[in-house]
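The values are calculated or read from the model by the stated rules, or taken from the named source; none is laboratory data. What you are looking at is a predicted structure, and each value in this text was computed from that prediction instead of being measured. All Cβ positions, even for glycine, are placed from backbone atoms using ideal geometry, and neighbour counts span all protein chains on display.
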Amino acid sequence: MNSWVSKISAKVVLLAALSMCASAYAAQPSGTVKSTHGAWSIICDTPAGATSEQCVMMQNVVAEDRPEMGLSVVVLRTADNKAEILRVLAPLGVLLPNGLGLNVDGKDIGRAYFVRCFQDGCYAEVILEKPLLDTLKTGKAATFIVFQTPEEGIGIPVDLKGFGEGFAALP
């Protein structure tokens, strides 16, 4: 099985912890839409206690045949501006051990593992390293796959139109 993250490292755990402060964006962003790039929106807000505005690029999607199965796909920069993270919020009830699959333009990219669940759902996240970033920038359509049983994957389409432009505009 491929993995988006070749190995779990202290760096990933640290970045995940640093980025959790932006988790509220994944469900219902309270900020202002600063710009729209294709299917993606850049949303900014100054969270309580923060000294500066924080922005994310996001898209909310729903499975075509399962309206209760929606995802929030978020791209954000870490507070130290040293990495970008792709975070996906899946609804409660997904099978956690199978992780979150990703397919771009018909090619299997691999799976990311869920890192944490809150009352609004469960989060999978990976560092957006250059190969994955380039795939998302040049791709036309992504399908994120969540599992309700080990055998039953539910594909949820994500439009990649505007991803590269939006990523370039992300402060």
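Determine whether segment 150-167 contains at least one residue that is surrounded by 20 or more Cβ atoms within 10 Å (Cβ to Cβ), in contact with a helix residue (DSSP H, G or I) (Cβ under 9 Å, 6 or more places away or on another chain), within 25 Å of Cys44 (Cβ to Cβ) and of a type outside the set (Gly, Ala, Ser). Yes: segment 150-167 contains one or more residues that are surrounded by 20 or more Cβ atoms within 10 Å (Cβ to Cβ), in contact with a helix residue (DSSP H, G or I) (Cβ under 9 Å, 6 or more places away or on another chain), within 25 Å of Cys44 (Cβ to Cβ) and of a type outside the set (Gly, Ala, Ser).
Within segment 24-44, restricting attention to residues that are farther than 20 Å from Phe118 by Cα and part of a loop (DSSP other than H, G, I, E, B), which residue is modelled with the lowest pLDDT? That would be Gly31. Only residues that are in contact with an Asp or Glu (Cβ under 9 Å, 6 or more places away or on another chain), farther than 25 Å from Glu64 by Cβ and not in a loop (DSSP other than H, G, I, E, B) were counted across segment 121-149, and they come to 2. Taking every residue in segment 25-41 that is under 13 Å from Lys161 (Cβ atoms) and aliphatic (A, V, I, L, M) and pairing it with any residue that is part of a strand (DSSP E or B) and modelled with pLDDT of 95 or more, at least 6 positions away or on another chain, the pairs with Cβ-Cβ distances below 7 Å are Ala39/Gln59; Ala39/Asp159. Any residue at all in segment 94-101 that is crowded, with 19+ Cβ neighbours inside 10 Å, over 19 Å from Glu152 (Cα atoms), at pLDDT 95 or above and out of contact with any Gly (no Cβ under 8 Å at 6 or more places or on another chain)? There is no residue in segment 94-101 that is crowded, with 19+ Cβ neighbours inside 10 Å, over 19 Å from Glu152 (Cα atoms), at pLDDT 95 or above and out of contact with any Gly (no Cβ under 8 Å at 6 or more places or on another chain). Scanning segment 45-75 for residues that are surrounded by 16 or more Cβ atoms within 10 Å (Cβ to Cβ) and either in a loop (DSSP other than H, G, I, E, B) or free of Cβ contacts under 8 Å to residues at least 60 places away in the same chain (or both) returns Asp45, Gln54, Met58, Asn60, Ser72, Val74.
The condition (being under 24 Å from Met69 (Cβ atoms) and within 13 Å of the chain's Cα centre (by Cα)) is satisfied by just one residue among Phe118, Phe163: Phe163. Only one of the numbered conditions (1) of a type in the set (A, V, I, L, M, F, W, C); (2) part of a strand (DSSP E or B); (3) touching a Pro at 6+ places or on another chain (Cβ under 8 Å) is violated by Leu95, and that is (2).
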